[in-house]
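The values are calculated or read from the model by the stated rules, or taken from the named source; none is laboratory data. Every value quoted in this text rests on a predicted model; they were computed, and no experiment measured them. Cβ placement follows ideal geometry from the backbone for every residue including glycine, while neighbour counts extend to all protein chains displayed.
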Amino acid sequence: MKTVCWHCGEPLPATVVQAQVGGELRAVCCHGCRAAAEWIEQLGLADYYSLRTQPATKPELSEAAERDSCLAWQRDEVARHVVRDLGDGRRETMLFVEGAASFRAPASVPT
């Protein structure tokens, strides 16, 4: 049994997620890797997995870069396209992901 994620090569957690690629179930470490692997196949790019010699390396992010990447949605030039002010200090963000089930999460981030 494999002990690393089929997509990224990271160690598998105790609860393994399965991705359906090439008609086979593949063990992946998280739902992000599952989505990436299945999207790669759906785009007709599944040969990526047979042609690669090792999993792609992940970029090293500094602590500041990691923190700042989360703040991007708070920048006015980004937020104005996807964030709606609901008043009373509440905001709403709408994301559309093709094929995803519809749900609405409560706006809980203060302005």
Every residue from segment 6-24 that is aliphatic (A, V, I, L, M) and either closer than 22 Å to GLU98 by Cα or surrounded by 19 or more Cβ atoms within 10 Å (Cβ to Cβ) (or both): VAL17, ALA19, VAL21
Name the pairs: first residue in segment 3-20 and assigned by TED's automatic domain parsing to the domain that holds GLU38 and β-branched (Val, Ile, Thr), second residue in a strand (DSSP E or B) and modelled with pLDDT of 90 or more, Cβ to Cβ under 9 Å, at least 6 apart or on different chains? THR3/PRO11; THR3/ALA27; VAL4/PRO11; VAL4/ALA27; VAL16/ALA27; VAL16/VAL28; VAL17/ALA27; VAL17/VAL28
Residue ID - nearest to GLU10 (Cα to Cα), chosen from residues in segment 43-74 that are surrounded by 12 or more Cβ atoms within 10 Å (Cβ to Cβ), modelled with pLDDT of 85 or more and not small (Gly, Ala, Ser): TYR49
So which residues in segment 75-111 are modelled with pLDDT of 75 or more, surrounded by fewer than 10 Cβ atoms within 10 Å (Cβ to Cβ) and under 25 Å from TRP39 (Cβ atoms), if there are any at all? HIS81
Give the number of residues within segment 1-20 that are in a strand (DSSP E or B) and within 17 Å of the chain's Cα centre (by Cα). 4
Which residues, taken from segment 11-36, are touching a helix residue (DSSP H, G or I) at 6+ places or on another chain (Cβ under 8 Å), of a type outside the set (Val, Ile, Thr) and at pLDDT 90 or above? GLN18, ALA19, GLN20, ARG26
